[in-house]
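Engineer: My structure is below; once you've seen it, I'll send some questions.
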Amino acid sequence: MSYVRPHVRRDGTPVKGHYRRQRPRAATSSRTAPRRRAARGRTPAPRPRPVSGPTTYVAPYYRADGTRVRGHRRTLSPAAAGTGAGIIFLLILLLLAL
């Protein structure tokens, strides 16, 4: 058995020092079926919430610390959402003035 020293994971959780078991070697017999790899412990994606108001798509990117952020939809603030409506309103007023 090999000893794993205490450390801190990337997500900030501490891990105590412990002994890690070694995996048993696979049998070389032709009768045994190959082992299936277990799926990684991924967290399921959150269910989409009903969104009210205008949204925009944020493309996937990497943060400065190296973590990957998946692409997602983000609601716009009222100030950002109102800029397009203001331009349209001014255009309509300009057309009516002519």
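Engineer: Is segment 55-67 home to any residue that is in a loop (DSSP other than H, G, I, E, B), at pLDDT below 70 and aliphatic (A, V, I, L, M)?
Structural biologist: No: zero hits.
Engineer: Testing Pro34 on (1) at pLDDT below 80; (2) touching a helix residue (DSSP H, G or I) at 6+ places or on another chain (Cβ under 7 Å), one condition comes back false. Which one is that?
Structural biologist: So the condition that Pro34 fails would be (2).
Engineer: Out of all the residues in segment 68-98, which are surrounded by 10 or more Cβ atoms within 10 Å (Cβ to Cβ) and modelled with pLDDT of 90 or more?
Structural biologist: Val69, His72
Engineer: If I filter segment 18-30 for residues that are hydrophobic (A, V, I, L, M, F, W, C) and modelled with pLDDT under 80, do I get at least one hit? First the steps, then the outcome.
Structural biologist: First pass over segment 18-30, keeping only residues hydrophobic (A, V, I, L, M, F, W, C): 26-27.
With modelled with pLDDT under 80 added as a condition, the list becomes 26-27.
Yes - at least one qualifying residue is present in segment 18-30.
Engineer: Between a first residue in segment 7-30 that is part of a strand (DSSP E or B) and aromatic (Phe, Trp, Tyr) and a second residue that is surrounded by 10 or more Cβ atoms within 10 Å (Cβ to Cβ) and at pLDDT 80 or above, which pairs have beta carbons less than 9 Å apart while being 6 or more apart in sequence or on different chains?
Structural biologist: Here the result reads Tyr19/Val4, each pair linking segment 7-30 to a residue that is surrounded by 10 or more Cβ atoms within 10 Å (Cβ to Cβ) and at pLDDT 80 or above.
The values are calculated or read from the model by the stated rules, or taken from the named source; none is laboratory data. Keep in mind it's a predicted model, so treat the numbers as computed, not measured. When we count neighbours, we look across all protein chains shown, and the Cβ atoms used for this are built from the backbone with ideal geometry, even at glycine.
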